[in-house]
Amino acid sequence: MQERTGIITFKGNPMTLLGPALKVGDTAPDFQVVDTGMAQVSLASHRGKLRIFSTVPSLDTPVCDTETRRFNQEAAGLPDSVVVLTISMDLPFAQKRWCGAAGIDRVVTLSDYQDRSFGLAYGVLIKEITLLSRCIFVVDAADTIRYIQQVPEVTHEPDYAAVLAAVKALL
């Protein structure tokens, strides 16, 4: 397993990412995660749509909460050809509870808790804490990665405007 250092920090402490360093233009790797009903979800599950994969450490933390609420709000202004998928290591039951309490109805939450498939395939699993780093991948309908934003400090929010500009450029 490839280990990468010097890319992110968590509360100022250097962390190690496990998995490959994906690049814009790469074919998006397949993965197996579960939705809030424990159904299997893979890359093919939303093929044909423009996908925004937002990886976060845990929905039960302030920055992840804010980020997911913001993407839920922004998704309302995007066409049906775009789907926002937030992936974390949270248990599906916790995700379902959180989405209900937060009124999340546009973002699809997915859990990578079973085998860390997404985190390892996309190079965003943090070795030291076994959580996903804060990263955004925009994948087109043909499964090509078109945009990546790895947030350098895990406790910071992504640049939403840059993500939305990348998405809108592909519509």
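A short reminder: the numbers here are calculations on the coordinates, not readings from a lab. These numbers come from a predicted model, not from an experiment. A quick note on method: Cβ atoms are made from the backbone with ideal geometry, for glycine too, and the neighbour counts reach across all protein chains shown.
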Query raised in the report: Looking at segment 86-106, which of its residues are in contact with a strand residue (DSSP E or B) (Cβ under 7 Å, 6 or more places away or on another chain) and without any contact (Cβ under 8 Å) to a residue 40 or more places away in the chain?
Result: THR86, ASP90, LEU91, ARG106
Query raised in the report: Do we find a residue being crowded, with 22+ Cβ neighbours inside 10 Å and either at negative phi or outside any strand (DSSP E or B) (or both) anywhere in segment 140-151?
Result: no
Query raised in the report: Is one or more of the residues making up segment 36-55 surrounded by fewer than 17 Cβ atoms within 10 Å (Cβ to Cβ), closer than 21 Å to GLU157 by Cβ and in contact with a helix residue (DSSP H, G or I) (Cβ under 8 Å, 6 or more places away or on another chain)?
Result: no
Query raised in the report: In segment 1-95, which strands (runs of 3 or more DSSP E) lie fully inside it and hold 1 or more residues that are of a type in the set (Gly, Ala, Ser) and within 23 Å of ALA162 (Cβ to Cβ)?
Result: 3-10, 50-55, 82-88
Report task. Considering only residues that are surrounded by fewer than 17 Cβ atoms within 10 Å (Cβ to Cβ) and not charged (D, E, K, R), look in segment 12-26 and name the one that is nearest to VAL138 (Cα to Cα). Result -> VAL24
Query raised in the report: Do you know which residues across segment 78-107 are closer than 24 Å to ALA141 by Cα and among the acidic types (Asp, Glu)?
Result: ASP80, ASP105
